[in-house]
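The next block holds one structure in the form of C-alpha cells; read it before the comments.
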2 protein chains.
Amino acid sequence: MKVVIVGGVAGGMSAATRLRRLSETAEIIVLERGDHVSFANCGLPYYVGGVIPKRESLLLQTPESLAARFRLDVRVRSEAITLDPESRTVVVRELDSGREYLESFDELVLSTGASAIVPPLPGADRALVLRDVADVDRMSAAVSEVGSAVVVGAGFIGVEMAENLVRRGISTTVVERGPQVLAPLDTEMAAPVAAELREHGIRLELGAELVRIGADTATLADRRVVPADLVIMAIGVRPESALARGAGLDIGSAGGVVVDDRLRTSAPHVYAVGDVVEKTDALSGEPMPVPLANAANRQGRLVADVIAGLPAVDPPASGTAILGVFGLTAAMTGWSEKRLRAAGRRFRALHSHPLAHAGYYPGARGISLKLLVDPDTDEILGAQAVGADGVDKRIDVLATAMAGGITASRLMDLELAYAPQFGSAKDPVNMLGYMADNLRTGVLRTAQWSEVDDAIVAGTCLLDVRSPEEYAEGSIPGAVNIPLDELRDRAAEIPAGPVLVFCRVGQRGNSATRLLTQLGHDAVNLDGGYLTWCAATAAPHP
Amino acid sequence: MKVVIVGGVAGGMSAATRLRRLSETAEIIVLERGDHVSFANCGLPYYVGGVIPKRESLLLQTPESLAARFRLDVRVRSEAITLDPESRTVVVRELDSGREYLESFDELVLSTGASAIVPPLPGADRALVLRDVADVDRMSAAVSEVGSAVVVGAGFIGVEMAENLVRRGISTTVVERGPQVLAPLDTEMAAPVAAELREHGIRLELGAELVRIGADTATLADRRVVPADLVIMAIGVRPESALARGAGLDIGSAGGVVVDDRLRTSAPHVYAVGDVVEKTDALSGEPMPVPLANAANRQGRLVADVIAGLPAVDPPASGTAILGVFGLTAAMTGWSEKRLRAAGRRFRALHSHPLAHAGYYPGARGISLKLLVDPDTDEILGAQAVGADGVDKRIDVLATAMAGGITASRLMDLELAYAPQFGSAKDPVNMLGYMADNLRTGVLRTAQWSEVDDAIVAGTCLLDVRSPEEYAEGSIPGAVNIPLDELRDRAAEIPAGPVLVFCRVGQRGNSATRLLTQLGHDAVNLDGGYLTWCAATAAPHP
C-alpha cells in the first residue's frame, strides 16, 4: 500500500505516524510545501513574544527524525499542485529546483490546512500573517525593529498576537470590524478580555475598519490614521482547498472539503483531515469549519485507522476553544447565545460569578461562567468562562458533560475533586447545575441583563438587595436598596407589581426572589446580578 | 411544618438554607453540639499551618447571620441526646446550663457527621484530633509550643496535617500501619507523594504501629521511640451514629446510617445526610461511607428538596478526592486497582506520564495518570493522577466522563480546551483514550510493572528502546538497549521468544512493540514504562 499525505503538520503527521504503527509495510510519502513539518503552530505567537525563547522548541520533528523513527518519506518544499483521483496521481513541484514529477498513490490524505485571509487593501502586501515557520521568522525579524503595530482582527489569534507584541514593548492597536473582541463569545463574556487588553496598554478599535496600509501607518474607514510600523492580519482563515477544488472534490458552503464520518472525500481513495475540511456540528448536524489543532490531530489518527481498515468514526464537533491573555483566560464550548439567537433556537442562559476555589483559602479569584441550556430538554447547548484561574478546568468539565449527554440540572451531581486549593464543596460547575435545576423546576425565575432596559421602561421595581455600602458604590439606575437581611421586615416597602431583584452575582438575589415570591410578589432575579449587567453594559465594575 | 436539623455544618446547614428558600413558612431549628456552625472543615489544617492566617476566615456563618438572612433558629452548644421517631421528639441538652428539654418535629434531618477514631492506646488522652473549631483552637495553641510531632495515619487528612506542621517548623513523623501513604491510591501512584513528604523532611514510618504515647515521645511496635511533643490522630473517621442507634434506626455494616435514595432513614420523617450516612457505591451498588464535604453539601440541599416535596434522587457515589501537599497534587475517582483486585473484578490498567501542557511552552511539568477500565465493556472504573500541575483538571474530566458513561476509548474524542499554556493538542485525557483504544482493539498488548519480575524469571527478553544515554543512567536489571530509531535495522539482534519492550513512559515502547509485532515477534509493551516501574519498585527516578 502506498499512501501519499499532502501537508506535514498536525493532521498529516498524526496520520503518517499512526499509519506506520499500524502498517510496517506501507509506503508513506509526506509532501510538505513549507520548509518544516510537525511544528508547533499554536506556539508561534509566543515565540514572537519571547515566551518561547528558542526557535528549535517550535520544531517538534524533522524529516530525518521521522525517517529514522517511522520510516516516513518526508519531502519538504514539495508542493502537490494537481491531484487526479481518477488515475490516483499527484503532480509534485519541488519548490527549489522547479522540477515537477508525478507521484502515484493507493490512498491519499489531504491535510493542507487553512491560510490566513488577507483582504485586498491598498498596501496589504506589507501585512504579515502567522501560519507557519517562515511567517514566524519574518515576524520575529520585524518585531525587533518596530515601535508600533496594528493587528487586524480581534479573534483568538489576533488577541494572542497583540499580547505578544506588547510583551516585546511594541505599541499595539487592534482593529476589529465587529463590536467586540473574540466574536465567538457573547458580549458580556468578551468584555473582561477587552478590559484586560486595554489595561495592558493595547488600543482597541472596535467597530472599525482598516481601509489603507501606508508606509508606517494604517488608515481606518473614519479616516483616522494609526501608527503601524508593522501590520498583522488575523481576520480569519480559509481552508486551503485549491488542490481539492482542482481535483473536482466536493467543497462545502464554507469553502472546506466535504468529508463523511470516515473522512472520505467525494473521490474514492482520497481523504481529508484538519483545517481544510468541514466537520459536522454537534448541535445542528450542519457542516462547519473547525480550525483547531486538537481536531486536526484527532482526525489525523482517525484517517490512518480508516485507511488501515479499522472501524473508526469521526464524531461531531463542539469546537472547544481557549485563550490566555495576560492574567486572564477565556474559553468556550458549544454554541453561544448569539449563535443560538441567529439560528432561532430556544435557550435559557445562566450566568454566575463564583470563586475559582474556596474563598477562605488564600488566592481565590473570580470566574464568570455562562451556561446555555435547552429549556425543553435541559440539554447543555454551550458554555463560556472568563477569569484568572480555573477557567480551563470548568470548560473541560462542561465539554465532557456535553459529550456524555449530562443535562444541565445533573451538573449538580458531578463529584468533582474538592480541597480548598482546587475548588469549592459546591464547585462552580455544581452551582450551575443547581441554578439550572431551579429554573427547570420553576423554583426560580430570572431575567437577563438585556431585559433590564425594558423593565425600567415598563416601570418595574428594581430592587438591589446588596449592602448599603455596595449600593453606594454604584447600582443600576433607578434601583432601590433593601439589603437581603432586612427584606423580611421591610417587604411592605415594595410596591405591588413586578419586581426585578438583583445582587452582585445572583446568589443573594436568589434568596430574595424566593422570599418575595413566597410573600406573593411577582419577583424575578437578575441572572448573573450586577456584575453581568456591568460587563454587558460596560459600567465600571465594583 | 417544623423541621429540626441535628448538626449545623456542611450537610445540615445546606439543608436549612435550601429549605428556607423553598419554604418561607417552615419553622427550622438547627441543633449544633459545638460552638460554631457552618465552618470550613476542609480549611482547618491550613489554619494550623498558617496558610489561612485569620481564624474568622474559617467561620462562614454565625447563628446571628443565619437568623437575619434565613430566619433559622440556630442553637449552638445544644446536643440532641435522644431521638424518638415514634413521638417525633428529640431531647436537647444545653451544654452550658445542663438543662434538657423536649423538642418536637414534623421532619428531622440527622447531619451529625463523623468523628475521628482514637485507638485506646496508653497515653492516647494526650492525642489531638482535628474535626471542628474547638479542635483547631487546641491544636493551634499546641503547635506554637512544640518542636516535634507524630501524625498517626497517612491518609488524606494525616498528610495534610503533616504538611502544615512542617510549615510551622515542627519536626514531624508520620506513622502509618499500611505499607504506603494514601491507602485509597495504588502503590505506584502514592509513591511520589511519599517521596515529596520525605523531601520536605517528614519522617515516614510505613508498616509501623504506634503502641504507646509517652510525655514527649511515642513508641512504635518495634520498640523504637519517636520524639512527639504533639500526637495527632488521623487514622480515619467513624459515623457519629450514636443518636441514630439510640433511636433504633437501621445502621449499615460500616457503621453509617442506612438511607434510601431520597435520604430517608428506616424511621418515617427522619432523614440523614453527610458523613453519618452510607452512600451507594456507583460501581458495586453496595453501601459505603463517603466522608467528603461535597457529598455532604449535595445531600443537604437534596434532603431539603425531598422534605419540600420536590422530586429529587440521591445518585450513587464515585468518591472523587484530592490532596495538595507541598508542590504535588494527588487525586482519584472511582475504584483503585487494589480495590478491584480485592473484589475480584476484571480490569485493565493504563499508566501514562504526560506533560500537563505542551512541552514547547515553558513550565510544562509531568503528571502520572492511571486509568482502570473494564476489559469487557470498556467502562471506566477509576482514575488516579499525581503531579505538580493540571491534576485536578484531569481527574474532574475523568469523573465527569464516568458520570456521563463515556467509555475509555471514547476519551480520545473529547474536545478539551487547547492552547499551549493549558494542555496539548492531544490532551493527556485524549491520550488515555488512544491507549485504551489500542488495548481494546488489540493493536497493542501491554504488561504491568508487577509482571516484570515474572518475566525476568521466565527468561523474557527485556528490551529498553530508550537512548544509550538514558540507558546508562539506569534501567531494569538485565535489559538490553536498542534505541527505537535503530530498531528496524537491528531487529535481528533480538532473540526468538517473548519480548518485553519498555521506554521511559510507554510511547516509544508503543512504536517499538508495534514494529516488532509486525516483524513477527511476540512483543508486549511495559505499561507506563520505566517511570511507572521505578515508582512502583522505588528505584531512583531518571
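The values are calculated or read from the model by the stated rules, or taken from the named source; none is laboratory data. This structure is a prediction, so every number in the text was calculated from the model and none was measured. All Cβ positions, glycine included, derive from the backbone under ideal geometry; neighbour counts span all protein chains shown. Side chains included, ligands, DNA and RNA excluded: accessible areas come from the protein's heavy atoms. Shrake-Rupley method; radii C 1.70, N 1.55, O 1.52, S 1.80 Å.
Here residue A:310 yields copy-to-copy label distances, from shortest upward, of 4.5 nm, the label point defined as 7 Å from Cα along Cα to C-beta. Counting only DSSP beta bridges whose two residues both lie in the protein assembly as shown, roughly 55 percent are antiparallel. In this simple spin-label approximation, residue A:537 and residue A:91 carry label points 7 Å from Cα along the Cα→Cβ vector, and these lie 6.4 nm apart. Subtracting the Cα-Cα distance of residue A:211 and residue A:138 from 0.36 nm times their residue separation leaves 23.9 nm of extension gain.
Summary for residue A:199: label point 7 Å along Cα→Cβ; distances to the equivalent points in the other copies, ascending, 3.3 nm.
Its relative contact order, with pairs defined as Cα atoms under 8 Å and 6+ residues apart, puts chain B at 11 percent. Under 11 Å from a label point set 7 Å out along the Cα-to-Cβ vector of residue B:200, the amide N atoms of the range B:317-344 belong to B:324-329. Which residues of the range B:488-524 show a drop of at least 30 Å² in accessible area when all protein chains are present, compared with their chain alone (probe radius 1.4 Å, heavy atoms only, ligands and nucleic acids excluded)? When all protein chains are present, B:488, B:511, B:514, B:518 each give up 30 Å² or more of accessible surface. Legend: mean number of C-beta atoms from other chains within 10 angstrom of residue C-beta atoms, peptide A:290-298, equals 5. Calculated accessible area for chain A comes out at 37 Å² per residue, all protein chains present (probe 1.4 Å; ligands, DNA, RNA ignored). Here the protein assembly as shown was treated as a single set of alpha-carbon atoms; its pair distances binned every 10 Å from 0 give 2, 10, 17, 22, 20, 15, 9, 4, 1, 0, 0 percent. Restriction of the trypsin sites (Lys or Arg not before Pro) in the range B:306-352 to DSSP coil positions whose beta-carbon has at most 11 other beta-carbons within 10 angstrom yields B:346. Cross-link pairs exceeding 19 Å in C-alpha to C-alpha distance, out of A:393/A:426; B:2/B:279; A:370/A:426; B:393/B:426; A:393/B:426, comprise B:2/B:279. Label zone (residue B:341, point 7 Å along Cα-to-C-beta; backbone nitrogen cut-off 16 Å) within the range B:446-460: B:447-455. Take the Cβ atoms of residue B:469 and residue A:101, set R0 to 60 Å, and the FRET efficiency comes out at 0.90.
The same position residue B:101 in the other copies lies at 9.8 nm from this copy, comparing label points 7 Å beyond Cα toward the beta-carbon, shortest first. Distance from the A-onto-B rotation axis is smallest for the Cβ of the chain A residue given, in whole Å, as A:404, 1. Measuring r between the beta carbons of residue B:284 and residue B:518 and using R0 = 35 Å, the FRET efficiency lands at 0.30. Heavy atoms of chains B and A lose about 7000 Å² of accessible surface on contact, summed over both sides with a 1.4 Å probe.
For the range A:331-367, the residues whose backbone nitrogen is under 17 Å from a point 7 Å from the Cα of residue A:376, taken along Cα to Cβ, are A:340-349. If you take every DSSP beta bridge whose two residues both sit in chain B, what share of them, in percent to the nearest 5, is antiparallel? Around 55 percent of the beta bridges assigned by DSSP in chain B are antiparallel ones. Highest average first, the peptides A:206-213, B:452-459 ordered by how many other beta carbon atoms sit within 10 Å of their residues are A:206-213, B:452-459.
For B:352-362, what's the mean count of beta carbons from other chains sitting within 10 Å of each residue's beta carbon?
Across B:352-362, the average partner-chain Cβ count within 10 Å equals 4.
Between the amide H of residue A:481 and those of A:464, distances stay under 5 Å, these residues lying 5 or more places away or on another chain, with hydrogens modeled in the peptide plane.
A cut-off of 5 Å between modelled amide H atoms, ignoring neighbours fewer than 5 places along the same chain, links residue A:235 with A:117.
Where the centroid of each part is defined by its Cα atoms, how far is the range B:108-150 from the range A:368-393 in Å? Going from one Cα centre to the other spans 41 Å. To put it simply, the accessible area of the protein assembly as shown at a 1.4 Å probe is 50 percent carbon and sulfur. Compared with its chain on its own, the range A:35-55 contains the following residues whose accessible area drops by 30 Å² or more in the full protein assembly (probe 1.4 Å; ligands, DNA and RNA excluded): A:42, A:46, A:51, A:52. Could you tell me the calculated FRET efficiency between residue A:145 and residue A:365, based on Cβ-Cβ distance and R0 = 30 angstrom, to the nearest 0.05? Efficiency, from the Cβ-Cβ distance: 0.20. Computed from phi, the 3J(HN,Hα) profile of the range A:463-479 under the Karplus parametrisation 6.51, -1.76, 1.60 (θ = phi - 60°) reads 10, 8, 9, 6, 6, x, 5, 5, 4, 5, 7, x, 8, 6, x, x, 6 Hz, with x in place of Gly and Pro. The packing ranking of peptides A:432-445, B:492-505, highest mean first, is A:432-445, B:492-505, where packing means the average number of other beta carbon atoms within 10 angstrom of each residue.
Show me the ranking of peptides A:416-424, B:26-34 by mean Cβ neighbours inside 10 Å, starting with the highest. Walk me through the numbers before you get to the answer.
Working: A:416-424: 25.4, B:26-34: 21.9.
Top of the packing list down: A:416-424, B:26-34.
What is the Cα centroid distance between the range B:1-65 and the range A:229-253, reported in whole angstrom? If you average the Cα positions of each part, the centres end up 59 Å apart.
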